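The values are calculated or read from the model by the stated rules, or taken from the named source; none is laboratory data. Only a predicted model underlies this, so the values are computations on that prediction, with no experimental measurement involved. Cβ: placed from backbone, ideal geometry, glycine included. Neighbour counts: every protein chain shown. Accessible surface areas use protein heavy atoms only, side chains included; no ligands, DNA or RNA. Shrake-Rupley method; radii C 1.70, N 1.55, O 1.52, S 1.80 Å.
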Amino acid sequence: MWDQINMIKNITFKKLWNLILLHFSYRYTKTFNRQLNLGKPFSLSIEPTTSCNLGCPECPSGLKQFSRPTGRLKVDEHVKMLDEIDSSVFYINYYFQGEPFLNPHFLELIKEAKRRKIYTATSTNAHFINEKKSKEIVKSGLDRLIISIDGLTQETYEGYRKKGKLNKVIEGTKNLIQAKKELKSKTPHLIFQFLAVSYNEHEIPKILEFGKEIGVNETRIKTAQIYDYKNGNNLIPKNLRYSRYKLNSDGTYVLKHKLSNHCWRMWSGAVITWDGGVVPCCFDKDASHQMGNLLEEKFDSIWNNKRYNNFRSQLISNRSDIDICKNCTEGAKVFD
């Protein structure tokens, strides 16, 4: 609850009015199947880097399978981005692809957003959080930190987190908890995120207990996005309660939930790549649907340009024809 209150504190009257306009636009579009786009996004994902130290099997960054270049966000370019969006945005997730802490200036990005009273979050594999770094993280003002911990033994952990070391994750978490105590800080709000796959699903009850024992604020179980799922995949959990997919009578797999012709994300947020590309959502890993570049254009012109509006129109008419939407669970429950 405290984390939600902390987020709300960043909403000014102007940003609240913008949020009302966004909700109205989305509801109008959904009800009348006619696009309306008032307001600007209240949340963004900004990519610090595409580099990663791990090699997770369903991650383009870890597998080095991007069609776009590898790089990292520069501090001055980040400032330029914030200048364009800080009048409406009150939440930024500093993560898209890659490991954020591989950008040596990552905490400078956080500090700049905090100076503008924006709630900040990120996700990490926690391999680079020593005692010194943990104190720097707390002092930066970072509001939320998701720590990926996908196993309670090295064997189960590396079943998905290839090249990873579980002891590094646990050590980094303990460093953060200790730094928060020493600095008497409630932030960052620490979340263990457990990606449920076949290798680790038997440890789900244990991870919930371990989260309480070690002292993180929350533990969340996340279903895994599988790219090649139709004919089965060895990552799909045996217990389909923890899967995004269900088994058909003919032995093939499909998404559990119907793909409806609407998506709140097309109004509420956007993703900005490390080199300024604006893409509609986090499912567009390769930025193949780039709507413009924030380092070259004004955000308002990108948000309302013909390409973006055509994309929204296609989504509300036949979302299943959009490649990045076909494996999306937006609006669906996590578990049945």
Suppose the filter is farther than 22 Å from I191 by Cβ and either assigned to a helix (DSSP H, G or I) or of a type in the set (G, A, S) (or both); does W274 pass it? no
Looking for something closer than 27 Å to I221 by Cα and acidic (D, E) - is there at least one such residue anywhere in region 315-322? no
Report every pair of residues separated by at least 6 positions or lying on different chains whose Cβ atoms are under 9 Å apart, first residue within region 64-87 and in contact (Cβ under 8 Å) with a residue 40 or more places away in the chain, second exposed (fewer than 13 other Cβ atoms within 10 Å of the Cβ) and outside any helix (DSSP H, G or I). S67/S288; R68/S288; R72/P104; E84/K298
Residue hits (region 120-155; of a type in the set (S, T, N, Q), closer than 20 Å to E182 by Cα and open to solvent by 10 Å² or more (accessible area, probe 1.4 Å)) are N130
Just one of the numbered conditions (1) in a loop (DSSP other than H, G, I, E, B); (2) in contact (Cβ under 8 Å) with a residue 12 or more places away in the chain; (3) open to solvent by 40 Å² or more (accessible area, probe 1.4 Å) is not true of V254; which one? (1)
Looking only at region 83-100, which residues are over 19 Å from W303 (Cβ atoms) and either surrounded by fewer than 22 Cβ atoms within 10 Å (Cβ to Cβ) or of a type in the set (K, R) (or both)? Y95
When region 260-293 is checked residue by residue, the ones that are aromatic (F, W, Y) and surrounded by 19 or more Cβ atoms within 10 Å (Cβ to Cβ) are W267, W274, F283
Can you name every residue in region 192-204 that is touching a strand residue (DSSP E or B) at 6+ places or on another chain (Cβ under 7 Å), aliphatic (A, V, I, L, M) and surrounded by 21 or more Cβ atoms within 10 Å (Cβ to Cβ)? L195, A196
Out of S45, S25, S67, S51, report the one residue that is among the polar types (S, T, N, Q), outside any strand (DSSP E or B) and under 18 Å from the mean Cα position of the chain (by Cα). S51
Looking only at region 294-306, filter to residues that are part of a helix (DSSP H, G or I) and exposed (fewer than 14 other Cβ atoms within 10 Å of the Cβ); which one of those is nearest to the chain's Cα centre (by Cα)? D300
So, I207, is that one open to solvent by 20 Å² or more (accessible area, probe 1.4 Å), touching a strand residue (DSSP E or B) at 6+ places or on another chain (Cβ under 7 Å), under 21 Å from K162 (Cα atoms) and not in a loop (DSSP other than H, G, I, E, B) or not? no
Among the residues of region 156-170 satisfying the criterion of being at pLDDT 95 or above and open to solvent by 20 Å² or more (accessible area, probe 1.4 Å), which is farthest from the chain's Cα centre (by Cα)? N167
